[in-house]
Amino acid sequence: MTNLKFSVIIPVFNAASTLESTIASVLQQTEKSFELIIVDDGSTDNSLRKALAMASKDTRIKVKSQQNMGVAAARNFGLTCAHGKLIAFLDADDLWLPNKLARHWSWHRSFPDIAISFAQVEFISNFPEASRAVSTVPPMNLSVAELVAENPTCTSSNIVLRSDCLEKIGLFREGMSYAEDQEWLVRACAKGLNIRGINCHLVDYRMSGDGLSANLEKMYAGWRLLASSYETHFDRSAAEAQYCRYLARRALRTGARANTALGFSLRGLRLNIRAFFSGRNRGLATLTGAIAAQFLPRETRIRIFA
């Protein structure tokens, strides 16, 4: 049985501008027992060259390459190469705080019934003076309804898995361009595996062009595909209203067109007004921000809402 504590998997596609800092955030971990598996998904920039250069300086880094097949396939390739007791995922444009792996190792040792863990995520933009939002962590195990409606894990860069649970969950669903990580988590939860968060900030999520309106619509389409597979587990109209609220907040944070956040807010209100306004005034704040965004330039919106 392996003594390696962690396998870290980074799928990469044309991420040359951020990859080195992302890798550095892994190498700077206080927990040193890990392997770092980088899977280049057919990049056309110099991502692969940068990954190989960093691997030549640290034997813990293993670089794999495949033709472009999508992020789910890249993660699955990485999973076939993993040897750690815990598996941590990190996207090529996000960052970890130095104690990320150490906190998760301690968490899983304290709660051996937990299959998947996550923590708080801070959303960062290109504007240092911008306000920063931090995700919330529910105190108990996540439910299918929570994962479908808003997915408190926020990003795959936040997810840590007990490797002995992988066979029960299965691999990521290939062919899904959006919501593939959310679908994988929902599947794990529906099979009875415990998913619980650590209430501290361990991940920085870089805000980027993902906020473009077209991509938000693709996220919405991916979500509806996910929801249709698990409709018996939750109230569809309530979950969809909350997901529209989530997309509206994402539009505000990432500087999508001003009417995008308002459009998702109105869609959520039409679906289920009570669900949209549920949860710590989140709905009211989102709707207010969406209305205010109509009168603000893009950079101001990002500074205020990021």
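The values are calculated or read from the model by the stated rules, or taken from the named source; none is laboratory data. These numbers come from a predicted model, not from an experiment. Cβ sites come from the backbone with ideal geometry, for glycine too, and all protein chains shown count toward neighbours. Areas reflect the complete protein model, heavy atoms only, side chains present, ligands, DNA and RNA absent. Shrake-Rupley method; radii C 1.70, N 1.55, O 1.52, S 1.80 Å.
Using DSSP to call loops (not H, G, I, E or B), can you name the GluC sites (Glu not before Pro) in segment 16-82 whose Cβ has at most 15 other Cβ atoms within 10 angstrom?
Taking segment 16-82 and a limit of 15 other Cβ atoms within 10 Å, no loop GluC sites (Glu not before Pro) are found.
Suppose each label sits 7 Å from its Cα in the direction of the beta carbon; what would the SER143-ALA55 distance come out to in nanometres?
Rounded to a tenth, the inter-label distance reads 4.5 nm.
Measure nothing but the geometry: give the 0 to 90° angle between the long axis through the Cα atoms of 258-271 and the longest principal axis through the Cα atoms of the chain, rounded to 10°.
Between the helix axis and the principal axis of the chain, the angle is about 80 degrees.
Under the Karplus relation 6.51 cos²θ - 1.76 cosθ + 1.60, θ = phi - 60°, what is the ordered set of whole-Hz ³J(HN,Hα) values for segment 65-74, x standing for Gly and Pro?
Running phi through 6.51 cos²θ - 1.76 cosθ + 1.60 with θ = phi - 60° gives 9, 9, 5, 5, 10, x, 5, 5, 5, 5 Hz.
If amide H atoms are built 1.01 Å from N in the plane of the peptide, which residues on other chains or at least 5 residues away come under 5 Å of the amide H of LYS62?
LEU36, ILE37, ILE38
Can you pull the one-decimal nm distance between simple spin-label points at GLU174 and GLU217, each 7 Å off the Cα toward Cβ?
2.9 nm
Would you work out if the chain is rounded, prolate or oblate? Take a ≥ b ≥ c from the square roots of the eigenvalues of the alpha-carbon gyration tensor; rounded if a/c is under 1.5, else prolate when a/b is larger than b/c, oblate otherwise.
Note, shape of the chain comes out prolate.
Put LYS218, LYS50 in order of accessible area, largest first, 1.4 Å probe: what do you get?
LYS218, LYS50
In segment 43-82, which residues have a backbone nitrogen under 19 Å from the label point lying 7 Å from LYS191's Cα in the Cα-to-Cβ direction?
The answer is 72-82.
Helix 236-254 against the longest principal axis of the chain: what's the angle in degrees, Cα atoms only, rounded to the nearest 10?
Helix 236-254 sits roughly 80 degrees off the main axis of the chain.
If you take the beta carbon distance between ILE273 and PHE111 as r and set R0 to 41 Å, what does 1/(1 + (r/R0)^6) give as a FRET efficiency, to the nearest 0.05?
Approximately 0.65, to the nearest 0.05.
Restricting to lysine pairs 8 or more places apart or on different chains, what number in the chain have Cα atoms under 18 Å apart?
Summing the qualifying lysine pairs gives 14.
Enter the angle in degrees (range 0 to 90, nearest 10) between the Cα long axis of helix 282-292 and the first principal axis of the Cα atoms of the chain, meaning the one along which they spread out most.
70 degrees
Between ASN3 and ILE291, what is the label-to-label distance in nm when each label sits 7 Å out along the Cα-to-Cβ direction?
In this crude spin-label approximation the distance works out to 6.3 nm.
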